[in-house]
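Structure first, then comments.
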Amino acid sequence: MAGTELYRDAPFIPKSERNIFITLTESDIGLSNTITMSKELLEANVFMYLPSKDITGLINNNEPLLLDVFDYDTNITTTLTIRKDGDTKFKFHGWNTVLQRKNFRTGDTIVFWWDVSHIRLNFKQFMFSFV
């Protein structure tokens with residue numbers, strides 16, 4: 001859901017230390033159902049906003065966690081499932097739902113940032129690949 005007058009969508013702030021920049025790889029696009037983020041990025045920028053019991057379950061017991069991601073360019077929210085992938089990565093399952101409406105290419109950079117008012121990750125395309 002897009003923001004309202006009272007709770008506007010958190011805008012992208014280019015100089016924010018909390019931005020998560022992901023340069024898309026072949027495994028993040030095409031027929032992929034997932035996008036991968038490092039544990040380090042998520043611990044520094046996302047996990048602090050989520051209930052500690054959910055994070056403990058995700059990290060220690062590999063319990064899936066549902067998280068909304070909001071496409072800032074199209075105003076569409078998609079719920080993805082986060083699962084631990086080894087000790088240093090997490091995969092966001094359901095990413096193919098986002099890919100169906102985007103024309104991402106390998107090398108494109110997207111940026112994610114936390115939206116405190118809506119308890120979700122916002123994202124937008126930051127840089128296009130010219131390869």
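The values are calculated or read from the model by the stated rules, or taken from the named source; none is laboratory data. Not measured: the values here are computed from a predicted model. Cβ placement follows ideal geometry from the backbone for every residue including glycine, while neighbour counts extend to all protein chains displayed. Keep in mind that these areas ignore ligands, DNA and RNA; they rest on the heavy atoms of the full protein, side chains included. Shrake-Rupley method; radii C 1.70, N 1.55, O 1.52, S 1.80 Å.
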| note | Note: among ASP85, ASP28, just one is more than 15 Å from the chain's Cα centre (by Cα) and farther than 26 Å from SER117 by Cβ, namely ASP85
| field | the range 25-45 residues that are more than 21 Å from PHE128 (Cα to Cα) and touching a residue at least 24 places away in the same chain (Cβ under 8 Å), paired with ones that are part of a strand (DSSP E or B) and open to solvent by 70 Å² or more (accessible area, probe 1.4 Å) (beta carbon under 8 Å, 6 or more apart) | value | SER38/LYS89; LYS39/LYS89
| query | From the set of residues in the range 31-47 that are at pLDDT below 95 and open to solvent by 60 Å² or more (accessible area, probe 1.4 Å), which is farthest from ASP85 (Cα to Cα)? | reply | LEU31
| Boolean, ASN62 is open to solvent by 50 Å² or more (accessible area, probe 1.4 Å) and without any contact (Cβ under 8 Å) to a residue 12 or more places away in the chain | no
| query | Taking only pairs six or more apart or across chains, which ones have beta-carbon atoms under 6 Å, a first residue in the range 103-125 that is part of a strand (DSSP E or B), and a second residue that is among the polar types (S, T, N, Q)? | reply | THR109/THR23; ILE110/GLN125; VAL111/ASN19; TRP113/ASN19; TRP113/ASN122; ASP115/ASN122
| So ASP73, is it open to solvent by 20 Å² or more (accessible area, probe 1.4 Å), closer than 25 Å to LEU31 by Cα and in a strand (DSSP E or B) | no
